[in-house]
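Accompanying notes for the structure given below.
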């Protein structure tokens with residue numbers, strides 16, 4: 001029996017880990033944040049951030065995030081919000097992605113290939 005998963009379920013399982021990895025790497029490498037601070041911002045444990053930043057935990061889709069200029073801009077703008085002290089809310093990122101039809105279709109296409 002085949003079931004169609006809701007977009008939110010797919011987002012949380014396949015897309016969100018790549019988004020968190022991109023945000024973690026950007027905050028640590030480009031903005032000089034400590035791994036502990038990034039872990040607190042993203043609601044992760046520091047060792048998980050370390051594995052992501054050092055490349056010991058491969059994250060699916062991260063290459064697509066980095067190569068898609070529209071999606072990268074959404075995430076970079078969100079990183080600026082985080083730097084201003086806004087709390088991490090994955091639903092905000094999801095709404096920004098789904099509000100742009102081109103980016104949304106690209107994300108769905110990538111997820112279907114995984």
Exercise. Does residue 80 satisfy the condition of being exposed (fewer than 14 other Cβ atoms within 10 Å of the Cβ) and assigned to a helix (DSSP H, G or I)?
Worked result: yes
Exercise. Does residue 108 satisfy being assigned to a helix (DSSP H, G or I), closer than 21 Å to residue 13 by Cβ and touching a helix residue (DSSP H, G or I) at 6+ places or on another chain (Cβ under 7 Å)?
Worked result: no
Problem set entry | From the options 53, 64, residue that is on the phi < 0 side of the Ramachandran plot, surrounded by 12 or more Cβ atoms within 10 Å (Cβ to Cβ), at pLDDT below 90 and assigned to a helix (DSSP H, G or I) | 64
Seminar exercise, completed: For segment 1-12, the count of residues that are in contact with a helix residue (DSSP H, G or I) (Cβ under 9 Å, 6 or more places away or on another chain) and either surrounded by fewer than 17 Cβ atoms within 10 Å (Cβ to Cβ) or part of a loop (DSSP other than H, G, I, E, B) (or both) equals 4
Exercise. When you go through 41, 23 one by one, which is the residue that is at pLDDT 90 or above and within 23 Å of residue 108 (Cβ to Cβ)?
Worked result: 23
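The values are calculated or read from the model by the stated rules, or taken from the named source; none is laboratory data. From a predicted model like this one, the values you see are computed outputs, not experimental measurements. Note: ideal-geometry Cβ built from the backbone for every residue, glycine included; neighbour counts use all protein chains shown.
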